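Structure, as structure tokens:
The values are calculated or read from the model by the stated rules, or taken from the named source; none is laboratory data. Values in this document were obtained by computation on a predicted structure and should not be read as measured data. Cβ atoms come from the backbone with ideal geometry, glycine included; neighbour counts cover every protein chain shown. Ligands, DNA and RNA are excluded from the accessible area calculation, which covers all protein heavy atoms including side chains. Shrake-Rupley method; radii C 1.70, N 1.55, O 1.52, S 1.80 Å.
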Amino acid sequence: MAMPSVAEFVQCDSRNYTRGRGGHAVDHAVVHYTGTDANAHNNLIYFSRNSAKASAHYFVDRDGTLRQSVSEADTAWHAGKFAMNQRSVGIECVSAGEDFSEAQVSTLAALVQDLMARYGIPAENVIRHYDVTGKECPAPYLDPDKWRALHDRITGGATAPAAKDEWVQKDGRWWYRHADGSFTKSGWELVSGKWYLFDAEGWMLTGWQRKDGRWYLLGADGAMLTGWQLIDGKWYFLDESGAMATGWRMVGDKWYFLDENGSMRQGWQRSGGKWYWLNADGSMSADEVKMIGGTFYGFDSSGAMLAHSIGLTEQ
């Protein structure tokens, strides 16, 4: 069903709504009634001039004329809970308590079904103000049977395809949208078995990133890397949490030494007042005698060079 034309748009006063939706996607439509005899035009004028601390996106007059007060991209204050306001479109039908007219129902159905199609709103997320806070709105449809009949008419009796979690690309960057329209900011998220890190605006990060005092390496696809990684000719070890290792680290059954920048060391390494030898693959020599530079050196089971070894002087 096509979106009905908007006969009039009068911008709501800035004291009555919030710009934007705080990163939330629309996934609900909330039906109200005005509770007065004032027509839709007069409601628009009222909310544009007065600090009512309330608003709605659309008003449907008794003759079916559709008028608008707040852009769908902004948050109208209509549902009584700000979290719901951020995720919903509020629709007021002019009524002092009587049933909506046939013209109103026809326009309401066209609007609701258009919103369902555009935002992927399932039929069960087309609700009354009453369903959010218990307020008796819309008063003519508090009876469950009457609401069910109206609900079936305005939703077409069908459920839109359920939204799902998905990656979204914009301007060459990626973010991950949840089924409810929210997204992760300033933190980690596990997606299909892989960890991803997102910045304060929700964009997926890549490369080296520092988080909570630790360094992590994220691949070109954003997935957190673990294990040995060769970067610009240097080896780094990232533990199971993804954090970059420094100092002594046992990997498998061998010891390695990673400097303060995380780079794997080779050759002689002094640590704790003792000398150690790190092989070409970075592994520490232990419990053996090894020829290094034409001289034999002995190493105990801890890897420390034996005191009687020769050929190495203090540097």
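A compact table of results
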quantity: Considering residues of the stretch 182-210 that are closer than 15 Å to residue 238 by Cβ and open to solvent by 50 Å² or more (accessible area, probe 1.4 Å) only, the residue modelled with the lowest pLDDT; calculated: 194
quantity: Subset of the stretch 252-286 that is closer than 17 Å to residue 216 by Cα and in contact (Cβ under 8 Å) with a residue 24 or more places away in the chain - its residue that is nearest to the chain's Cα centre (by Cα); calculated: 262
quantity: Every residue from the stretch 198-251 that is among the aliphatic types (A, V, I, L, M) and either within 22 Å of residue 265 (Cα to Cα) or over 26 Å from the mean Cα position of the chain (by Cα) (or both); calculated: 217, 225, 230, 231, 238, 243, 244, 245, 250, 251
quantity: Matching strands (runs of 3 or more DSSP E) fully within the stretch 227-315 where at least 1 residues are within 29 Å of residue 210 (Cα to Cα) and open to solvent by 50 Å² or more (accessible area, probe 1.4 Å); calculated: 227-231, 234-238, 247-251, 254-258, 267-271
quantity: In the stretch 1-42, the residues that are over 18 Å from residue 83 (Cβ atoms), in contact with a Lys or Arg (Cβ under 6 Å, 6 or more places away or on another chain) and among the acidic types (Asp, Glu); calculated: 8
quantity: Given (1) of a type in the set (A, V, I, L, M, F, W, C); (2) in contact with a helix residue (DSSP H, G or I) (Cβ under 9 Å, 6 or more places away or on another chain); (3) modelled with pLDDT under 95, number of the condition residue 162 does not satisfy; calculated: (2)
quantity: Complete set of residues in the stretch 172-181 that are modelled with pLDDT of 90 or more and open to solvent by less than 40 Å² (accessible area, probe 1.4 Å); calculated: 176
quantity: Those residues of the stretch 213-226 which are assigned to a loop (DSSP other than H, G, I, E, B), touching a strand residue (DSSP E or B) at 6+ places or on another chain (Cβ under 9 Å) and open to solvent by 20 Å² or more (accessible area, probe 1.4 Å), in sequence order; calculated: 220, 221, 225, 226
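Residue-wise test of (1) touching a Pro at 6+ places or on another chain (Cβ under 6 Å); (2) β-branched (Val, Ile, Thr); (3) open to solvent by 60 Å² or more (accessible area, probe 1.4 Å); (4) under 30 Å from residue 168 (Cβ atoms).
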| residue | (1), (2), (3), (4) |
| --- | --- |
| 16 | no, no, no, no |
| 21 | no, no, no, yes |
| 24 | no, no, yes, yes |
| 27 | no, no, no, yes |
| 30 | no, yes, no, yes |
| 34 | no, yes, no, no |
| 48 | no, no, no, no |
| 53 | no, no, yes, no |
